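Any read-out appearing in this document is the output of simple, stated calculations on the displayed coordinates, not a laboratory observation. For clarity, every value in this text was computed on a predicted model and none was experimentally measured. Quick reminder, even Gly has a Cβ in these numbers, built from the backbone with ideal geometry, and neighbours come from all protein chains shown.
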Amino acid sequence: MDRMLEYETLLASLDAQAPGLDDLVPRALARARRHRVRRRLGVPAASLGGVAAAFVLLVNLSVPFARACSSVPVLRDLAAAVALSPTLRAAVEHDYVQPLGLRAEDNGFAVELSYLMADRGQLVLFAVFTGPEEYDAFLPTARLLGPNGEELPGWSAVGTSVVPGELSGALTLIYSGEGSPALPETLYLECAVECYDDDRPGEWDAAARFTFSFPLDEQFRDQGTTMEVDRWLEVDGNRIRVAALEIAPTHARLVLEQDPANGEELRGLEFWLEDEDGVRYEHGSASGLSAMGDSYLLESPWFAQPEHLTLHIAGARWLDKSMSCVTVDLDTLESGPLPEGVTLTGAQRRGEDVELSYTAPVNQPFLSRITLPDGSEAYAGLGLTQRPEEDGSGLYRGYLLLKDYPYDTVTLQLNWTRTTDFAQPLTLDLS
């Protein structure tokens, strides 16, 4: 797959544009107010998974214990890194973590690879990045290599911006190729990092590159199972086949197929799984990636091992196959038909750049790929300035940043044209 097309595909499936950037400034200001002292994370040779599991449980149940342990950096940081993901919390509680304790430096920057979780479809690296103080966020990426330096096919990095000096699941590689290959006994990893400065919004600076090689614990090399479903559903006037549910320790995937005769393309799905005890496994993943083509990611029931699972579909986003793009006049904001509920609110010229802003009932109505008046293609920066709950409007406020853009018109690629919320979710027994 073309690298820019691959990036576009991954970006289009993220739940929010430019992950981490919408709250980048508040986080940077909070960091400055705290006068945070950067921490060096020491990792013992023995696995910390069992200790971390006890810590996570006790923190959830005991405020005094949480306060007592607040001064223990290793435990505190690991718990914080997995706090937002039920799947990763479950992995820690089941000792499904490999300590790494690796460090590399380049060009004034340093990365510490602290922990790893992996299965046959995803690899999550917990890392701490440090560098010059003038940068407010780092955007790490990674490539998985073979023993001779060749890039392993089918693996793509999901980039999420991180705050310097804080442990996070910063590097995620996910497999989108054919089949489900087992990971090799030794991992060869090439990491790169770009940096963001609040004084130059929309610009990322290439900063450093690191290489690592390390043995992979045997428990991570081929973990995962597939539940064959093969059921067709009528969803909002379109036919969708639920092909399979893939379940692994760090993530799960709902594999769908669309009827070619459908007049609309499925571009997003609101859904969850529910087990026999009423426990819900929500859509989305710890990496922020929610879909890859017709595979939709969700929290994993791997460690719970439920006997029955029911699929609930509560909403969908669709792209009319006859309406994939729209041309906008940047002086008047006149345009062709826009997605339902989307309004263009302004086009401000900032030097050589143009910031085209909009409101929308659902995030991400546009893709980053644009077409120039001369027919060539380019990529716009994508940003989110306000969420519906922040002003009570029920609308997202976002923008496209057109860099060095001298033209008066632009053609935008649409991500969806309409959205639907079902009054009564559709259900399908997957057992």
Practice task
With θ set to phi - 60°, apply the Karplus curve 6.51 cos²θ - 1.76 cosθ + 1.60 along segment 177-184 and write out the HN-Hα couplings as whole Hz, x wherever there is a Gly or Pro.
Solution key: x, 7, x, 9, x, 6, 6, x
Fill in the blank from the handout: Here the gain from full extension of GLU265 to THR310, 0.36 nm per residue of separation minus their alpha-carbon distance, amounts to 13.8 nm
Practice task
Compute the length gained on full extension between LEU333 and ASP106: take 0.36 nm times their separation in residues and subtract their Cα-Cα distance, giving the result in nm to one decimal.
Solution key: 77.1 nm
Handout entry: Dipole of segment 325-418, positive direction: furthest Cα of GLY375, LEU412, GLN364, with charges on the beta-carbon
Key = GLN364
Completion exercise
Here, GluC sites (Glu not before Pro) of segment 140-176 satisfying both criteria (DSSP loop; at most 12 other Cβ within 10 Å) are GLU150
Fill in the blank from the handout: Cβ density ranking, 10 Å radius, fewest first, applied to TRP272, TRP155 yields TRP272, TRP155
Exercise for the section: In whole Hz, with x marking every Gly and Pro, tabulate ³J(HN,Hα) for segment 294-310 from phi via Karplus 6.51 cos²θ - 1.76 cosθ + 1.60, θ = phi - 60°. Expected result: 9, 9, 10, 8, 7, 4, 9, x, 3, 6, 6, 6, x, 7, 9, 9, 10
Exercise for the section: Classify segment 123-265 as rounded, prolate or oblate, taking a ≥ b ≥ c as the square roots of the eigenvalues of its Cα gyration tensor: rounded when a/c is under 1.5, otherwise prolate if a/b is larger than b/c and oblate if not. Expected result: oblate
Exercise for the section: In whole angstrom, note down how far apart the Cα centers of segment 385-408 and segment 291-327 are. Expected result: 25
Practice task
Please turn the phi angles of segment 372-377 into ³J(HN,Hα) values with the Karplus equation 6.51 cos²θ - 1.76 cosθ + 1.60 (θ = phi - 60°), one per residue in order, whole Hz, x for glycine and proline.
Solution key: 7, x, 7, x, 7, 10
Completion exercise
Assertion target for CYS191, CYS325, ordered by fewest C-beta neighbours within 10 angstrom first, is CYS325, CYS191
Problem - Over segment 231-271, relative contact order from alpha-carbon pairs under 8 Å, at least 6 apart, % - result: 31
Handout entry: Chain lengthening between THR343 and LEU216 when straightened (0.36 nm per residue, less Cα-Cα)
Key = 40.7 nm
Practice task
Name the long-range amide H neighbours of ASP353: under 5 Å, sequence gap of 5 or more, or other chain; modelled H, no Pro or chain starts.
Solution key: ASP404, TYR405
Handout entry: For LEU430, residues with placed amide H under 5 Å, excluding near neighbours
Key = LEU309, THR310, LEU311
Practice task
May I ask you to sort SER114, SER335, SER376 by Cβ crowding, counting other Cβ atoms within 10 Å and putting the fewest first?
Solution key: SER376, SER335, SER114
Exercise for the section: At q = 0.14, 0.16, 0.19 Å⁻¹, what is the base-10 log of I(q)/I(0) for segment 177-336 according to the Debye formula with one equal point scatterer per Cα and no solvent? Please give it to two decimals. Expected result: -0.95, -1.06, -1.18
Problem - Alpha-carbon centroid distance for the pair segment 239-287 / segment 102-140, whole angstrom - result: 30
Practice task
Can you check how the C-alpha radius of gyration of segment 256-302 compares to 2.2 N^0.38 Å, as a plain ratio?
Solution key: 1.34
